[in-house]
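The values are calculated or read from the model by the stated rules, or taken from the named source; none is laboratory data. None of these values were measured; they are calculated from a predicted model. So basically every Cβ, Gly included, is an ideal-geometry build from the backbone, and we count neighbours across all protein chains shown. Heads up: the accessible areas ignore ligands, DNA and RNA and are worked out on the full protein's heavy atoms, side chains in. Shrake-Rupley method; radii C 1.70, N 1.55, O 1.52, S 1.80 Å.
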Amino acid sequence: MENATLMDEYGYVSDGKVFLKGYLGNPDRQIGEVKRTEQEAIDYFKNRFKIASGKVEQLEKDVEEAQNKGSYLTKLVQLRKKLLSFDGLGDFIPLLERLEKLETVLEDLIKVNQEKNLEIKRALLEETRAVTVVGDDWQGATDQLQEIKSKWIRTGPVDKEYQEETEGAFQTLLDTFFQQRRDFFSDLNRTIADRIERYTELIAKSDMLVRMYDVEEASRQLRQIRAEWKEIGEIPVKRSAKFYKQFKRSNQRIIDKYNRVKGIVVQTYENPLVTKQREMCREAEQLARSNDIIQASERAKVLLNQWKEIRLPPRVGDKMVAERFRSACDKIFELSYLARVISRKYPAFEIRSEEDQLNIKTREMEWLIKREKADLDVTIASAQNMPPDPETERQMMGKINIQRRKITMKEKILEEFKAKMNK
């Protein structure tokens, strides 16, 4: 400093180098060199000091506007470290004092937040302990724990004094629960495997009874097997349905053999509602061949409403009959719609030759199919661009399936028209 050639309030130039005067017990520090003139060098580093001042002001502003103010403590510490080594000429002491004041505010806020966080996490620990005492509802408990874990993660840190204690306690509770769950399902899987093996053995025993000569003894053993079947216990629904179907078929073979040997004639019983559905199906199929398809469609609407009013117990209805009825109604409605289109576009349709009528029907149906497919493409495109929503997706898929079913029926009718043309 004795050889300084240019002095400033906060620094000086000596031997072509720029120095910042020491402060807060720190020695003078070289911050740069003179490139052109000494005054330009001094001015340059004075301007650089404005950058440091601006960073402090920006941090204060950010903290004031932030909701989670405590998250800025690390940035403050880093900024203070940078200020102590920042190359600029100015009064750094007020800047450091402002940071020190802001640090005190942040530490007080963090302390308050950590106390709140500790209170929240202790409450979550109690909630976790209650949930982990489960009965049979492992899935429900798992869902609750996932929700608690999300709350735990969203809750900020606690004081370091309690950090290890709370985190360790929470993780231990989770580890214990999920180990117990693994053990439970492992035991359950073994139980299910044993039950499946038992069901398989009883089906095999039932199959063997069919080959017995003594039908009375076979019938007695079948009753015993049925009693054992009822005592086995539950297994997954799909496997249960498959085994029951096999067992029922095997039982029926034994019963049929017994009736045959004993000369017993079994009168088959059908639910009256199923019989009613068969009659309605036959009528719908006859209506689909009606010459007055417009009138037929009116009757089909009545049948369709009556069908919806029929409430059958599970597994009682005949799916094939239901499909035939639905297909017949679809055909009636599509033919009726085609007839209305033709009557509007061809007023003298009835007096045309049979060949002309068939050509017109074929041409109009081709046009309807083309239009229907274009509408389907639009619907699918709309569905792909819609925001995800389970209820909306369900409704949209229902609409798409209806459109596809209509197209399929129209194409089937078109094939029938073309087959007639080729005769």
Stretch gain in nm, segment VAL378-ALA169, where the contour uses 0.36 nm per residue and the Cα spacing is subtracted: 69.7 nm
Once all protein chains are kept in place, MET421 shows an accessible area at probe 1.4 Å, nearest 10 Å², of 80 Å²
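Holding the Cα-Cα limit at 20 Å, pick out from LYS370/LYS412; LYS331/LYS361; LYS361/LYS406; LYS308/LYS410; LYS116/LYS149; LYS319/LYS361 the pairs that are longer than that. Write down the numbers at each step before the final one.
Working: LYS370/LYS412 14 Å; LYS331/LYS361 14 Å; LYS361/LYS406 17 Å; LYS308/LYS410 24 Å; LYS116/LYS149 17 Å; LYS319/LYS361 32 Å.
Among LYS370/LYS412; LYS331/LYS361; LYS361/LYS406; LYS308/LYS410; LYS116/LYS149; LYS319/LYS361, the Cα-Cα distance tops 20 Å for LYS308/LYS410; LYS319/LYS361.
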Reachable lysines from LYS17, Cα under 28 Å, same-chain residues fewer than 8 places away excluded? LYS35, LYS46, LYS50, LYS55, LYS81, LYS82
With springs only between Cα atoms under 10 Å apart, run a GNM on the chain and tell me which of PHE247, PHE86, PHE184 wobbles the most. PHE86
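Length gain on complete extension for the stretch GLU366 to GLU228, per 0.36 nm per residue less the alpha carbon to alpha carbon distance?
Numbers: separation 138, 0.36 × 138 = 49.68 nm, distance 6.10 nm.
This chain segment gains 43.6 nm when fully extended.
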How much area per residue is accessible in region 66-151 when the probe is 1.4 Å and only protein heavy atoms are counted (Å²)? 61 Å²
Please give the length that would be gained between TRP138 and LYS308 if that part of the chain were fully extended, namely 0.36 nm times their separation in residues minus their C-alpha to C-alpha distance (nm, one decimal). 57.3 nm
Which shape class applies to region 173-327: rounded if a/c is under 1.5, otherwise prolate when a/b exceeds b/c and oblate if not, where a ≥ b ≥ c are the square roots of the Cα gyration tensor eigenvalues? oblate
Charge tally for neighbours of LEU125 with beta carbon under 13 Å away, counting Lys, Arg as +1 and Asp, Glu as -1, is 0
Report LYS17's accessible area, 1.4 Å probe, all protein chains in place, as a number in Å² to the nearest 10. 80 Å²
Apportionment of accessible area to carbon and sulfur, region 290-423, percent (1.4 Å): 52 percent
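Can you give me the relative contact order of the chain as a percent, contacts being Cα pairs under 8 Å and 6 or more apart? Could the numbers behind the result be given before it?
Numbers: 305 pairs, mean separation 32.0, N = 423.
With pairs under 8 Å counted, the relative contact order is 8 percent.
Please state the shape class of region 77-210: rounded when a/c is under 1.5, otherwise prolate if a/b exceeds b/c and oblate if not, all from the C-alpha gyration tensor. Provide the component values of the computation, followed by the final result.
Working: a/c = 6.21, a/b = 3.65, b/c = 1.70.
Taking the square roots of the gyration eigenvalues as a ≥ b ≥ c, region 77-210 is prolate.
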Can you spot the lysines whose alpha carbon is less than 18 Å from LYS248's alpha carbon? Ignore those fewer than 8 places along the same chain. LYS205, LYS230, LYS238, LYS257
If you average 1/r across every pair of different Cα atoms in the chain and take the reciprocal, what Kirkwood value do you get, in Å? 33.0 Å
Would you pull out the residues with amide H under 5 Å of SER14's amide H, same chain only if 5 or more places away, H placed 1.01 Å from N? THR5, PHE19
Span from the region 393-423 Cα centroid across to the region 15-88 one, whole angstrom: 77 Å
From Cα pairs below 8 angstrom and at least 6 apart in sequence, can you work out the relative contact order of region 254-335, rounded to a whole percent? 41 percent
Using alpha carbons only, how many degrees (0 to 90, rounded to 10) separate the axis of helix 215-231 from the longest principal axis of the chain? 20 degrees
Expressed as an acute angle from 0 to 90° and rounded to the nearest 10, what is the orientation of the C-alpha long axis of helix 237-262 relative to the principal long axis of the chain? 20 degrees
Tell me the accessible surface of TYR72 in square angstrom (1.4 angstrom probe, heavy atoms of protein chains only), to the nearest ten. 40 Å²
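Would you please classify the overall shape of region 287-423 from the alpha carbon gyration tensor, given that a ≥ b ≥ c denote the square roots of the eigenvalues, rounded means a/c under 1.5, and beyond that prolate means a/b larger than b/c while oblate covers the rest?
Numbers: a/c = 2.30, a/b = 1.32, b/c = 1.74.
Oblate, because a/c is 1.5 or more while a/b does not exceed b/c.
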Listed by chain and number, the lysines with an alpha carbon less than 18 angstrom from that of LYS111, same-chain partners under 8 positions apart left out, are LYS69, LYS75, LYS101, LYS121, LYS160
Using a 1.4 Å probe and counting only protein heavy atoms, arrange ARG190, ARG340 so the residue with the most accessible area comes first. ARG190, ARG340
